[in-house]
1. Give a quick list of trypsin sites (Lys or Arg not before Pro) in the stretch 48-82 that DSSP marks as loop, anything other than H, G, I, E or B, with at most 13 other Cβ atoms within 10 Å.
2. Applying the Karplus parametrisation 6.51 cos²θ - 1.76 cosθ + 1.60 with θ = phi - 60° to the phi angles of the stretch 7-21, what ³J(HN,Hα) value in whole Hz is obtained for each residue in order, glycine and proline being reported as x?
3. Just the number please: accessible area per residue for the chain, 1.4 Å probe, all protein chains included, in Å².
4. Counting only protein heavy atoms and a 1.4 Å probe, tell me what percentage of the chain's accessible area is made up of carbon and sulfur.
5. Going by amide H atoms built from the backbone, whose H comes under 5 Å of the H on Thr43, apart from near neighbours?
6. Run through the stretch 36-123 and list the GluC sites (Glu not before Pro) located in a DSSP loop whose Cβ has at most 13 other Cβ atoms within 10 Å.
7. Between Glu109 and Asn10, what FRET efficiency follows from the Cβ-Cβ distance if R0 is 35 Å, with the result rounded to 0.05?
8. What's the whole-number percent of alpha carbon pairs in the chain lying beyond 20 angstrom?
Amino acid sequence: MAHFAELDSNNIVLRVIVISNNDVTDLSTEAEEYVANLVGSGTWKQTSYNHKFRGKYAAIGDTYDVDKNAFISPQPYPSWSLDSNDIWQPPISVPSDHSPPEKVYIWDEDAYQADNSTGWVES
């Protein structure tokens with residue numbers, strides 16, 4: 001099956017649909033145009049369920065970055081930054097004793113903003 005993400009005017013994913021492989025050619029503008037004509041409107045970008053292209057499988061709320069030709073998740077916290085694989089990373093690594101379900105940490109943006117040597121708090 002082929003998967004396609006509908007984008008709004010800001011390249012935000014609105015929905016993802018599935019089309020039979022019999023109806024489209026993988027990763028082609030023709031396939032994206034076919035979906036737009038089939039559905040009746042919108043801008044569509046093909047996405048890979050197996051993460052083979054365009055970074056990650058598109059999800060509602062993700063952004064399609066034209067320059068990177070990739071889908072990127074929304075930034076989870078203001079202090080986090082994208083790594084070279086377009087995955088959001090915290091400014092401080094999770095503590096080494098993080099081992100669910102025994103010890104779990106969650107990010108506390110307020111704690112980080114108050115003292116940038118902290119941020120992870122035990123859940």
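1. Within the stretch 48-82, the qualifying trypsin sites (Lys or Arg not before Pro) (loop, at most 13 other Cβ atoms within 10 Å) are Lys52, Lys68.
2. Residue by residue, the stretch 7-21 yields 10, 8, 5, 9, 6, 8, 6, 8, 6, 10, 10, 10, 10, 4, 4 Hz.
3. 62
4. 48
5. When sequence neighbours closer than 5 places are left aside, the close amide H contacts are Leu7.
6. Sites meeting the loop and neighbour criteria: Glu102.
7. Taking R0 as 35 Å, the efficiency between Glu109 and Asn10 is 0.90.
8. 54
The values are calculated or read from the model by the stated rules, or taken from the named source; none is laboratory data. Quantities reported herein were computed from a predicted structural model and do not represent experimental measurements. Positions of Cβ are generated from backbone atoms using ideal geometry, with glycine treated the same way; all protein chains shown enter the neighbour counts. Side chains included, ligands, DNA and RNA excluded: accessible areas come from the protein's heavy atoms. Shrake-Rupley method; radii C 1.70, N 1.55, O 1.52, S 1.80 Å.
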